[in-house]
Amino acid sequence: MRHTIAVLVENKPGVLARVASLFRRRGFNIESLTVGTTERNDLSRMTIVVEGDDRVVEQVTKQLNKLIETIKVSEISEGSVERELCLIRVHAPPERRGEIVELTNIFRARIVDVSRDSFIIEVTGDEDKVNAFIDLMRQYGIKELARTGKVAMVRGNKR
């Protein structure tokens, strides 16, 4: 089962390397990892997706809490808002552009760059939506693809 863990850490050099090393030493694979500053410049938020049972999540949480730079660790797999961003460069010959624009609109995605023979399309949403859009774009020829990984927050007033 996939678990999403939110980690609030001090925004200092080397913290990301220590977190990644912790997972490597324990033999846990990171499915997705996103990091960015928070509303406070001195804090960063890591959203980590890891595959495993409850024992794995408990072990990871304990190890993360041992790091000096860790402020707070939360498992947020349930009851959360989750999003992912994906940029896709897709082959777009003139005769197929209308179809691509139509699919882009249906998915509430955006064309962010147009060149003579390709589009760069930005799509955001949950993992299933992003995967479905990617699958549809394959028929046009994906030239390049970049994904952010999951970003998540617990719903409501919970912190």
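The values are calculated or read from the model by the stated rules, or taken from the named source; none is laboratory data. All values derive from a computational prediction rather than experimental measurement. Every residue, glycine among them, receives a Cβ derived from its backbone with ideal geometry; neighbour counts consider all protein chains shown.
Observations
- Inspection of the stretch 23-42 finds no residue satisfying the criterion of being touching a helix residue (DSSP H, G or I) at 6+ places or on another chain (Cβ under 8 Å), acidic (Asp, Glu) and part of a loop (DSSP other than H, G, I, E, B).
- Whichever residue in the stretch 2-22 is in a helix (DSSP H, G or I) and aliphatic (A, V, I, L, M) and, among such residues, is surrounded by the most Cβ atoms within 10 Å (Cβ to Cβ): 19
- Here is the figure for the stretch 69-112: residues that are under 26 Å from residue 15 (Cα atoms) and out of contact with any strand residue (DSSP E or B) (no Cβ under 8 Å at 6 or more places or on another chain) total 0.
- Test: residue in the stretch 68-82 that is modelled with pLDDT of 90 or more and under 27 Å from residue 138 (Cα atoms): yes
- Residues located in the stretch 129-149, provided they are of a type in the set (A, V, I, L, M, F, W, C) and outside any helix (DSSP H, G or I): 142, 145, 146
- Just one of the listed residues (72, 62) is exposed (fewer than 15 other Cβ atoms within 10 Å of the Cβ), among the charged types (D, E, K, R) and assigned to a strand (DSSP E or B), namely 72.
- Within the stretch 24-42, the set of residues being closer than 15 Å to residue 70 by Cα and surrounded by 15 or more Cβ atoms within 10 Å (Cβ to Cβ) comprises just one member, 35.
- Looking across the stretch 43-59, the residues that are in a helix (DSSP H, G or I) and among the aliphatic types (A, V, I, L, M) come down to 56, 57.
- Hits in the stretch 117-153 - residues which are among the basic types (Lys, Arg), farther than 14 Å from residue 32 by Cβ and either surrounded by fewer than 16 Cβ atoms within 10 Å (Cβ to Cβ) or modelled with pLDDT under 95 (or both): 138, 143
- Residue in the stretch 15-24 that is within 23 Å of residue 154 (Cα to Cα) and touching a residue at least 12 places away in the same chain (Cβ under 8 Å) present: yes
- Residue match in the stretch 120-128 (condition: of a type in the set (D, E, K, R), under 18 Å from residue 1 (Cα atoms), without any contact (Cβ under 8 Å) to a residue 40 or more places away in the chain and in a helix (DSSP H, G or I)): yes
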